[in-house]
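These notes concern the structure reproduced below.
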Amino acid sequence: DTEASGSLYTSEITSLQNEMGDIEQSRLALVSKNAEMKILLQLQEDTISQTNQNQTHHYQGKPSNVEKMNAICPEYRADESWKQSELEELSNILKSREKSIERLSMDRQLAQDEIVSLRAEVECAKEIGQCDKKEFEGKLNSLARHKEDMESAMRKCMTAAANSRSKYEIFDYRKKPLPKALLRKSFTSGTKIDLLGGETVTIVNELGRGVYGVVLLCNDERGQSDALKIQAPIGSLANEYSLLLRIEDRVEPDDSGFYPFPRSRALHAFSEGGLFSMTAGSDSGMTLIDVVNTYKIIMGNVPELIAIYYTSRMLKHLESLHQDGKVLHCDVKPDNWVLTSSSKDRDHAGTNAVGGADLMLVDFGRSIDLEKVARQGSNPLQAQFTGSIAAEDMECGSMRKGMSWGVDLDFFGLAASSFILLFGSHMEVIEDKRTGKWRIQKTLRRYWQRELWNCLFVSLLNFDSSSDMYCL
C-alpha cells in the first residue's frame, strides 16, 4: 500500500510540474505582450499629445510614432487621429492582462506548494513502509476484506446449490432473469411472485428500501411471513446469508426464547441480482427512526424512560453479537433496529402481540466475521481494520483520524441510536482538544439522568478497540 501511495504521489507531482510548465509559458507570453502594449500606449500618448498641439515631428531617417505603433501592433492601424477612448480601451486591456499574470503567478505558487506537500507525503509513506511490520500485523483493509468475503461466500453458496444433498435452501438461476414482478420500482400488495422450482410467494407490503435494494414482506403458500431482500450484486446477499447462518449457530436465544437477529431462509441467484429470504422482525418494518417521528407527532420527544429501555435492549443484543457471535456489524444505526415482539408477548397474545417490546438488528450486508480474521490465540474482539466504510456522520473517532478501528465502529452506531431517541435528532460529536476525548455537541437536560447518559456516551465514543477491555 505504501509503495502504491508513493507511486501515486510521484505521478501527481509529475502532472503538477507539467501543469506548472504550461502556466509559466502562458505567464511569460502575457508578460511579453504587456511589454509591447506599454510601449504602444506610450507611443499613442505621445501621438495624441502631438496632435493636440498640432505639432508633427518628422526627423529624417527616423520612423514616426505611427510607424512604430504599426510595427509593434499591426491590428491597431494607428494614425494621428486616434482618440482618447481608444487609449482607454488599450489601458483596460493592459490591466486585464496584468490581472491574468497575477492569477497565473498565484496558480504557479499553489502548484509549487502542493508539490512540496506531496513530496513530504512520499517521504512519510516511505518511512511507514520501513517501520516494523509487527505494528501493522492484523490491521486489515476493510474494503478488501469485504470483497474477499463476498467472493468466497458466492463460491460456497453456488457449490452448495449444485449439490442435491445440500441442507441449505440455495438456488442457482444465474442463467435466468429476475421474475418480472420484482423489476418494478414499486410493489403492489397481493402480487404473486414465481421463484422458480415451483415456489410462489405473495407480496404483503414493503418493509424498507436502501441504495442497493429493497426489502419486502412476503407470505409463502404455507402462510409463513418472511422478509425478501432484492439486491444486486448477488455476492453481498450470499455473504449475508452465510454470515447469518454462522451467527445462528453461535448465538443462543435468551431465556425467554427471543432471538434478536434475522434467520436465513433461502437464497436465489439470478442473472441481474438475487433474492434473500429471512425471518422478519415485524409486519410493519418500523424502526427506531419511526419511533422518534411518531412521538414528535404525538407529544414531542421520546420519553427518557423509553430511550433508556431501548438502549438497554441494544446494549444486550450488540454484546451478544460481539461476545457470542464474534461478528462486527459495521452498520449499526437507528434505521437498522427494527421493532419486534418479544417471545413472551407472542406466547400471551399470539398474532395480536403488540410490536415494539423488543428490537431486532438487521442488515448484515457489511458485517465481518471476526473469527475468520483474528490471529491464532488472539482476541477476535480486538481485531483491527483500516479504511472508511461508514457514512461520514457515522464514522467513529478512530476512523475520522485515519487510524485503525474495530468494535468501536459498532459502539459509535449504538451511541448514535441512543442519541436520536433522547434528542430527536442525529448525533454530532466534537473532539476536546485539551483531553483528546470525543463528546456529543448537545447538552443533556438537567432533569435527565445525566450521570447515566454521560457514562454511556463517553464510554462508547472513546473506546479503544485495540487495547481496552470490552465494556458493554
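The values are calculated or read from the model by the stated rules, or taken from the named source; none is laboratory data. Just so it is clear, the structure is predicted and the values come from calculations on it, not from any experiment. Note that each Cβ is placed from the backbone with ideal geometry, even for glycine, and that neighbours are counted across all protein chains shown. Protein only, heavy atoms only, side chains kept; ligands, DNA and RNA dropped before computing areas. Shrake-Rupley method; radii C 1.70, N 1.55, O 1.52, S 1.80 Å.
Modelled spin-label separation between Asn219 and Ser189, with each label point placed 7 Å from Cα along the Cα-to-Cβ direction: 1.1 nm. Taking all protein chains into account, the per residue accessible area for segment 258-415 stands at 39 Å² (1.4 Å probe). Given their separation in residues at 0.36 nm each and the Cα-Cα distance between them, Asp393 and Lys38 gain 122.2 nm when the chain is fully extended. Expressed as a whole percent, the accessible area of segment 344-472 that falls on carbon and sulfur atoms is 47 (1.4 Å probe). The residues of segment 170-233 present an accessible area of 60 Å² per residue when probed at 1.4 Å with all protein chains retained. For an R0 of 56 angstrom, estimate the FRET efficiency from the Cβ-Cβ distance between Ile306 and Leu94 and round to the nearest 0.05. It comes out at approximately 0.20.
Return the FRET efficiency for the residue pair Lys401, Thr202: r is the Cβ-Cβ distance, R0 is 56 Å, and the value is rounded to the nearest 0.05. Efficiency, from the Cβ-Cβ distance: 0.65. Near Gly208, the amide H atoms lying under 5 Å from its own belong to Val215; only residues 5 or more places off or on other chains count, and H is placed 1.01 Å from N. Under the classification rounded if a/c is under 1.5, otherwise prolate if a/b is larger than b/c and oblate if not, where does segment 175-255 fall, given a ≥ b ≥ c as square roots of the Cα gyration tensor eigenvalues? Verdict is prolate for segment 175-255. Each other residue within a Cβ distance under 13 Å of Asp149 adds +1 if Lys or Arg and -1 if Asp or Glu, for a net charge of +2.
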